[in-house]
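Notes to accompany the following structure.
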Amino acid sequence: MDIIFLHGLGQNPSSWNETLSFLPQCIKAYCPDLLHLCEDKTYEKIYLAFEKYVDDFSDPVHLCGISLGAVLALHYTLDHADKVSSLVLIAPQYKMPKLLLRFQNIIFRILPNTLLSKDGIAKQDIIRLTNSMKFLDFEQELRNVVCPTLILCGQKDTANIKAAKKMANLISDAKLYLIDKAGHEINGFASKKLADAMSLFYPLF
């Protein structure tokens with residue numbers, strides 16, 4: 001089973017390592033470095049580069065994304081339903097919370113470059129990326145997702161739990177699972193619980 005794992009903002013492909021160590025060996029994992037897929041660090045350009053990345057797979061793929069990765073996975077599924085066999089969305093959003101993004105950008109501007117910039121990504125590029133996501137809104141299209149979907153969210157992830165519950169109601173073939181005592185970065189701090197939930201989902205295929 002080919003699964004493409006999409007990391008979140010502030011993460012990199014290695015953020016999946018611990019989760020992958022708990023998943024069945026039959027899974028063939030692909031972990032693209034999303035912020036290095038293209039030079040222009042806007043959401044539109046990153047999405048187009050990711051779209052091209054998936055085009056190289058001849059067969060339909062399984063997508064699993066957290067936070068920014070979940071947005072990209074959902075977006076791709078809406079555009080290419082025939083290319084996606086299943087979808088796992090972790091700490092997802094379907095409509096970008098503008099107030100949260102604005103507050104986040106204020107914090108980003110205050111933080112020194114050494115704390116914010118990671119893996120060769122400059123602070124201004126991270127701010128530019130979040131600004132470019134402000135007007136994303138997939139709410140009216142959620143009912144068009146037809147593949148089996150698992151929506152996961154930490155019980156302590158107050159910024160995303162409401163959206164996760166609503167997505168589970170609007171996507172026809174979706175299951176919602178809340179990770180006990182977990183916050184936002186489930187793949188980093190609750191990787192075993194995350195892998196257990198995913199392992200129950202994937203045997204359906």
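Within the stretch 33-46, track down each residue that is open to solvent by 10 Å² or more (accessible area, probe 1.4 Å) and either touching a residue at least 24 places away in the same chain (Cβ under 8 Å) or polar (S, T, N, Q) (or both).
Hits for the stretch 33-46 are 33, 35, 36, 41, 42, 44.
What do you reckon, is residue 59 outside any helix (DSSP H, G or I), more than 26 Å from residue 123 (Cα to Cα), of a type in the set (Asp, Glu) and open to solvent by 30 Å² or more (accessible area, probe 1.4 Å)? Answer is yes for this residue.
Scanning the stretch 147-165 for residues that are open to solvent by 30 Å² or more (accessible area, probe 1.4 Å) and more than 15 Å from residue 71 (Cα to Cα) yields 148, 155, 156, 158, 162, 165. Cβ separations smaller than 7 Å between residues 6+ apart or across chains give the following pairs from the stretch 124-151 residues that are of a type in the set (Gly, Ala, Ser) to residues that are assigned to a helix (DSSP H, G or I): 132/43; 132/44. Is there a residue in the stretch 180-201 that is closer than 27 Å to residue 42 by Cβ, open to solvent by 30 Å² or more (accessible area, probe 1.4 Å), in contact with a Phe, Trp or Tyr (Cβ under 9 Å, 6 or more places away or on another chain) and modelled with pLDDT of 95 or more? Scanning the stretch 180-201, I find no residue that is closer than 27 Å to residue 42 by Cβ, open to solvent by 30 Å² or more (accessible area, probe 1.4 Å), in contact with a Phe, Trp or Tyr (Cβ under 9 Å, 6 or more places away or on another chain) and modelled with pLDDT of 95 or more, so the answer is no. In the stretch 16-55, which residues are touching a Phe, Trp or Tyr at 6+ places or on another chain (Cβ under 9 Å) and of a type in the set (Gly, Ala, Ser)? Hit for the stretch 16-55 is 29, nothing else.
The values are calculated or read from the model by the stated rules, or taken from the named source; none is laboratory data. Keep in mind it's a predicted model, so treat the numbers as computed, not measured. Cβ sites come from the backbone with ideal geometry, for glycine too, and all protein chains shown count toward neighbours. The accessibility values were calculated without ligands, DNA or RNA, using every heavy atom of the protein model including side chains. Shrake-Rupley method; radii C 1.70, N 1.55, O 1.52, S 1.80 Å.
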